[in-house]
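Colleague: Have a look at this one before I ask anything.
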Amino acid sequence: MSVLYLMVPMALVLGIGAVIAFIWASKTGQYDDVDSPAHRMLHDDPPDPQATDTPGNKTNSRTP
Amino acid sequence: MPLDAAIASPTTTACVHCGLPAPDDDAPAFCCHGCEAAYSLIATCGLDRYYTLRDTPEHGELPASSDHTYAEMDDPSYHARHVIMTRDGLHAIELSLPSMHCGACMWLLERLPRLVRGVAEARVNLRQATLLVRWDNRAVPLSRIARTLDTLGYPARALAPDSQRQARIAANRRDLAHIGVAGACAGNAMLYAICLYAGLFEGIEPGPATMFRWLSLCVTSVALAWPGRVFFANAWASIRTRTPHLDLPISFALIAGGGWSLIATLTGKGEVYFDSLSVLVFILLAGRYLQKRRQQAGSDAVAALFTLTPTRARRVEGNSLREVPIESLALGDEIEVRAGDSLPADGVILAGDSSVDQSLLTGESRPAPIGVGSRVCAGTVNLGDVLRIRVEKTGDSTRLAGIVRLVEQAAQRRAPIVLFADRLAGLFTVGMPALAAIVAIIWLFIEPSRSVELGVALLVVTCPCALGLATPLTLVVGLGRAARQGLLIKGGDVIQRVAESRLILLDKTGTLTLGRPRVCAWEGDESIRPLVAALEGRTAHPVAQALREGYEHVALHVEKATHTTGAGVTGVVAGRTLRVGSPAFVARTLVPHEAASMLARTTQIAREGLTPVVVGVDGVLGAIALLGDDVRPEAADAVARLHALGLRVGILSGDHPSVVDAVARRAGIDSSSVVGGLSPEDKVARVQLARGGGRVVFVGDGVNDAAALAAADVGVAMQTGAEAALAAADVYIARRGLAPLIDLVVGSRTAMRTIRQNLVASFIYNVLAVTGTLLGLVTPLLAALIMPMSSITVLSVALRSRTFREASPTPPESHP
């Protein structure tokens, strides 16, 4: 069972990675609005030459 | 167009933009000019996909666009308050668009850059119904953007001052991060605990056991020191200020449990309880987060109310007008209010003849006529002519501010609900080790070798889940199911209060009545009704619809139809000249004595709360139609069902007593519990009086009801309600009529019954488990097996309960 001494800490390290990712995501505002992106994805229309300033290159941050 | 005549009747078709009935002579049909303007704006920008995306006809009416100019949005002081400059030289503002509610709205709004040149970006937040606009102020003023939004049917207003919002958003993000960390710690600690429990069963080598103890020590230290430190901070503050706070016992439990487990880990002897500690931190934080979110939604709506009064006023100074900030208005000042503006203060009309939209204060959407000498309130909107007003009350002393204050007070009164489950979990964490110690000491005298084992067994077998989870889980399940049925309940405590209620007080409009006019009586010649219906056949006005009802298939030729806005319509039908409209409009063509008697009668009708519509035929009085808000067909049935549930039903209404009495009679409500002609303040007093006799549910919709909604044990806001009503209400019903009210009562009672069953069951379980352990019958292994069983039992009882399972059918609406 000595493999546990390797596997359990490794699992913990992976978990820590996920937690760090979550903290980063929430601090950059990715959970500020969880409803709109789902709709936005469904309703995208074909690319329009007029609309040069597409919203896609902006971050989701609420602090402009 | 995708929106063809799917819902149209033979004589009319649906308006392309809003779906209301419209004349079908043109290819894209419109019910009014507003819809035509909105449609052409959308179509010319190549955005007609909007109409395929949105889900008509259940989409319902689009809000009519107002005539507001939004000129104040270009004011430097407005910019200073609400607008941010971004790094690329653009301006940015976050606007609240309450009428946005679906994916199609979002799709259209995010294409704002194509509708208005100079707008760089528009981002929608659907849940909060906000729009972040970035635009070039040199290319286009903000007022134009707002006017475009208004044309599309989305009246816009700025959100609360920005610094406050930013702080709140930051706090929200921090809370989320804390919950994430606490959750991860709790999950890992639980995994290690499972290994250790399994070790008790299967046997475990000392090496891995030590590792698991140390690892759970590590994750729990993180949980306590980072997300959990808020409890210690609050507890310390509570000690310093000597005010008891729930975090004090929680902190004690955390420190005691943590200390015990730390010593056990260091010495390698005894049990560790790291899993319970980190789970406790996680559950408490998550619960508080959800509660906080709910409260914020309420305070947002109250803040929105404040934005309804303008920040500036036009003061008359000698012969000139000067724009002054609203704070500098004094009593006795004379101000001018242009058409479309909302009133900055309470006052008396000095000059001008107009009508005001008082829907904010009274919930009544029909414009109220006003003239010289009338009293008007801040927050109402001047619809007609320019008004001169002498200021009588400003700022905090206005009626609107008073109502807002009442709402806020009520919200504060309710906010610090100390969750029963919190307290229970805290008690358990303190009580468990104590009880375990007692068991261990008792057994020390009986059989020393089993002493520790049984102490541990007790710790494992006693199930805080069964007690602490049963209540909140049943409530949460109930809340979720209710939400799917269109009943938004703001908290579990509301379910309890609904279940205990014995009296339901209703506001008349929207619940008992249809909320649109109908011909209640026809005084005069019945034979001219088809002619009137034919004459009114081309307009979407509610009064015209009411006059048409029952005569939709009349096909008479109408000649020379002329509309006079706000007065009536004339035309020739079947060779007779008809004049249909307001008493004054028809009186002009009548002989004086007939006009006088007619006007006397119509004044009397108006006093009874009905709207008279007069029909003149060839210069003679033909008939008077009495229009009123009709009782819903299913109202009597629903009231009878509420009676059968043991509830008394009453009406508190601002309408004329005779109207309210008539409605009550038709709905089968006892006239002794029916009161009409009440002001918002009267309603509060009545509700408070009624509360003396037990719990009271109040159902209403307007801002005028907000204070009464807050004053009642349970405030229920109906579909069309204003935001203040929603903030003050505990329950929001997104369906019309009385059926959802019955669902609410039945569902709440079922939920409370389930909770009581669960509490009894888990009490019995815990008593049996503790007794069994005391008697030495339960070993740690057995305890580890039956503990999850009890949790699962409780969970399945809560999940399988029939709480809010079946919805009563909603009656069909003739005009969705």
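Colleague: What is the number of the single condition among (1) more than 8 Å from chain A (Cβ to nearest Cβ); (2) surrounded by 22 or more Cβ atoms within 10 Å (Cβ to Cβ) that residue B:106 does not meet?
Modeller: Answer for residue B:106: the failing condition is (1).
Here is a yes/no grid of residues against (1) in contact with a strand residue (DSSP E or B) (Cβ under 7 Å, 6 or more places away or on another chain); (2) among the β-branched types (Val, Ile, Thr); (3) closer than 19 Å to residue B:709 by Cβ:
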{"residue": "B:630", "(1), (2), (3)": "yes, no, no"}
{"residue": "B:654", "(1), (2), (3)": "no, no, yes"}
{"residue": "B:675", "(1), (2), (3)": "yes, yes, yes"}
{"residue": "B:689", "(1), (2), (3)": "no, no, yes"}
{"residue": "B:697", "(1), (2), (3)": "yes, yes, yes"}
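Colleague: Among (1) more than 8 Å from chain A (Cβ to nearest Cβ); (2) more than 22 Å from residue A:34 (Cβ to Cβ); (3) assigned to a helix (DSSP H, G or I), where does residue B:114 come up short?
Modeller: The one condition residue B:114 does not meet is (1).
Colleague: Only residues that are at the interface with chain A (Cβ under 7 Å from one of its Cβ atoms) and in contact (Cβ under 8 Å) with a residue 40 or more places away in the chain: list them for the stretch B:170-183, please.
Modeller: The answer is B:176, B:181.
Colleague: Being at pLDDT 70 or above, open to solvent by less than 60 Å² (accessible area, probe 1.4 Å) and among the hydrophobic types (A, V, I, L, M, F, W, C) is the filter here, so list the residues in the stretch B:762-785 that pass it.
Modeller: Once the filter is applied, which keeps residues that are at pLDDT 70 or above, open to solvent by less than 60 Å² (accessible area, probe 1.4 Å) and among the hydrophobic types (A, V, I, L, M, F, W, C), the stretch B:762-785 yields B:769, B:770, B:778.
Colleague: So, in the stretch B:661-681, how many residues would count as being in contact with a helix residue (DSSP H, G or I) (Cβ under 8 Å, 6 or more places away or on another chain) and either among the aliphatic types (A, V, I, L, M) or crowded, with 21+ Cβ neighbours inside 10 Å (or both)?
Modeller: Looking only at that region, the number is 7.
Colleague: Of the conditions (1) of a type in the set (Val, Ile, Thr); (2) at pLDDT 80 or above; (3) outside any strand (DSSP E or B), residue B:720 clears all except one; give me its number.
Modeller: Here residue B:720 clears every test but (2).
Colleague: If residue B:53 satisfies all but one of (1) farther than 30 Å from residue B:385 by Cα; (2) modelled with pLDDT of 75 or more, what's the number of the condition it fails?
Modeller: Only one criterion in (1) farther than 30 Å from residue B:385 by Cα; (2) modelled with pLDDT of 75 or more is unmet by residue B:53, namely (2).
Colleague: Okay, moving on. Residues in the stretch A:30-48: is at least one open to solvent by 50 Å² or more (accessible area, probe 1.4 Å), touching a Cys at 6+ places or on another chain (Cβ under 9 Å), part of a helix (DSSP H, G or I) and at pLDDT below 90?
Modeller: So far as the stretch A:30-48 goes, yes, one or more of its residues are open to solvent by 50 Å² or more (accessible area, probe 1.4 Å), touching a Cys at 6+ places or on another chain (Cβ under 9 Å), part of a helix (DSSP H, G or I) and at pLDDT below 90.
Colleague: Just to be sure, is residue B:139 open to solvent by 10 Å² or more (accessible area, probe 1.4 Å), over 24 Å from residue A:42 (Cβ atoms) and in a loop (DSSP other than H, G, I, E, B)?
Modeller: Yes, satisfied.
Colleague: In the stretch A:2-21, is there at least one residue being open to solvent by less than 100 Å² (accessible area, probe 1.4 Å), more than 9 Å from chain B (Cβ to nearest Cβ), at pLDDT 75 or above and part of a loop (DSSP other than H, G, I, E, B)?
Modeller: The answer is yes; a qualifying residue exists.
Colleague: Here's something else I'd like to know. Looking at the stretch B:87-103, which of its residues are at the interface with another protein chain (Cβ under 9 Å from one of its Cβ atoms) and free of Cβ contacts under 8 Å to residues at least 12 places away in the same chain?
Modeller: Hit for the stretch B:87-103 is B:87, nothing else.
Colleague: Residues in the stretch B:184-221 that are within 9 Å of chain A (Cβ to nearest Cβ) and under 20 Å from residue B:257 (Cα atoms): how many?
Modeller: Result for the stretch B:184-221: 12.
The values are calculated or read from the model by the stated rules, or taken from the named source; none is laboratory data. Remember, it's a predicted structure, so these values are computed and weren't measured experimentally. Cβ coordinates were reconstructed from backbone atoms using ideal geometry, including for glycine residues, and neighbour counts include every protein chain displayed. Areas reflect the complete protein model, heavy atoms only, side chains present, ligands, DNA and RNA absent. Shrake-Rupley method; radii C 1.70, N 1.55, O 1.52, S 1.80 Å.
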